[in-house]
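Visitor: Here it is, the structure, as structure tokens.
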């Protein structure tokens, strides 16, 4: 969630729906002094990979509802935003992007599927794959990581 807030911050503070890469790097590294320029570029790449931002014609735009995000007073992202999320969180994020449903609704639907559809005999990563198929969300690139998370869990 912190990555999403970090992505939303420059758009909400400037009240812009799209920003160029140099504007975003300036915001993160020089204006807010939250990170280095290299880290700012890394955040932009990661946000794009995880479906939080799109890049069209040189302009980055958020791929989620900015009005649903609140930037806490004094917000400063922690170093955790540079860590890769576990594959279940990535898949939840993708489902959110496609459905425009809040995370709580997706998790509740996953839990209902586990409880009602499989009598609690289904692991969350498997339930998320079923939801991804239901909503037409690509998940194949996460298959190995999801399988590994089940084995490690």
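Visitor: Rank-order 139-151, 22-34 by packing density, defined as the average count of other C-beta atoms within 10 Å over each peptide's residues, highest first. Intermediate values should be presented prior to the final figure.
Guide: Details: 139-151: 13.7, 22-34: 16.5.
Top to bottom by mean Cβ count within 10 Å: 22-34, 139-151.
Visitor: Assign one of three labels to the chain, namely rounded, prolate or oblate, based on the Cα gyration tensor with a ≥ b ≥ c the square roots of its eigenvalues; rounded applies when a/c is under 1.5, prolate when it is not and a/b is larger than b/c, and oblate otherwise. Write out the running numbers ahead of the final one.
Guide: Details: a/c = 2.20, a/b = 1.98, b/c = 1.11.
Prolate, because a/c is 1.5 or more and a/b exceeds b/c.
Visitor: Using a Gaussian network for the chain with springs between C-alpha atoms less than 10 Å apart, which of these wobbles most: 115, 63, 45?
Guide: Sorting by GNM fluctuation, first place goes to 115.
Visitor: Per DSSP H run of at least 4 residues, take -39500 (n - 2.57); add these up for the chain, divide by its residues and hand me the 222 nm value, nearest 500 deg cm²/dmol.
Guide: On the way: 7 runs with 76 residues, N = 153.
Theoretical 222 nm ellipticity from helices: -15000 deg cm²/dmol.
Visitor: Who wins for biggest fluctuation among 118, 82, 64 in a Gaussian network model of the chain, springs between alpha carbons below 10 Å?
Guide: It is 118.
Visitor: In addition: How much length is gained on full extension from residue 89 to residue 33, taking 0.36 nm per residue of separation minus their Cα-Cα distance?
Guide: 17.4 nm
Visitor: Something else about it: Where a ≥ b ≥ c are the square roots of the eigenvalues of the C-alpha gyration tensor, would you call segment 2-82 rounded, which needs a/c under 1.5, or, failing that, prolate if a/b is larger than b/c, or oblate? The partial results should precede the final answer.
Guide: Details: a/c = 1.29, a/b = 1.08, b/c = 1.19.
Rounded shape, in that the Cα axes give a/c under 1.5.
Visitor: Now for a separate question. Give the separation of the Cα centroids, segment 67-127 to segment 129-152, in Å.
Guide: 13
Visitor: Starting from 0.36 nm per residue, how many nanometres of slack lie between residue 100 and residue 59 once their C-alpha separation is accounted for? Numbers along the way, then the final one.
Guide: On the way: separation 41, 0.36 × 41 = 14.76 nm, distance 2.15 nm.
Value of the extension gain: 12.6 nm.
Visitor: At 7 Å along Cα-to-Cβ for each site, give me the label-to-label distance between residue 145 and residue 122 in nm.
Guide: Once both label points are built, they end up 2.2 nm from each other.
Visitor: For a footprinting-style exposure proxy, rank 48, 56 by other Cβ within 10 Å, fewest first. Mind dumping the intermediate values first?
Guide: Numbers: 48 15, 56 8.
The order, fewest Cβ neighbours first, is 56, 48.
Visitor: Over the chain, with a Gaussian network built from C-alpha contacts below 10 Å, which listed residue (43, 95, 69) shows the highest mean-square fluctuation?
Guide: 69
Visitor: Quick one: angle between helix 37-49 and the longest Cα principal axis of the chain, in degrees between 0 and 90, rounded to 10, please.
Guide: The helix 37-49 is inclined about 40 degrees to the chain.
Taken together, the values in this text are just the output of simple stated rules run on the coordinates, not laboratory data. Remember, it's a predicted structure, so these values are computed and weren't measured experimentally. Don't worry about glycine lacking a Cβ; one is built from the backbone with ideal geometry, like all the others, and counts go over all protein chains shown.
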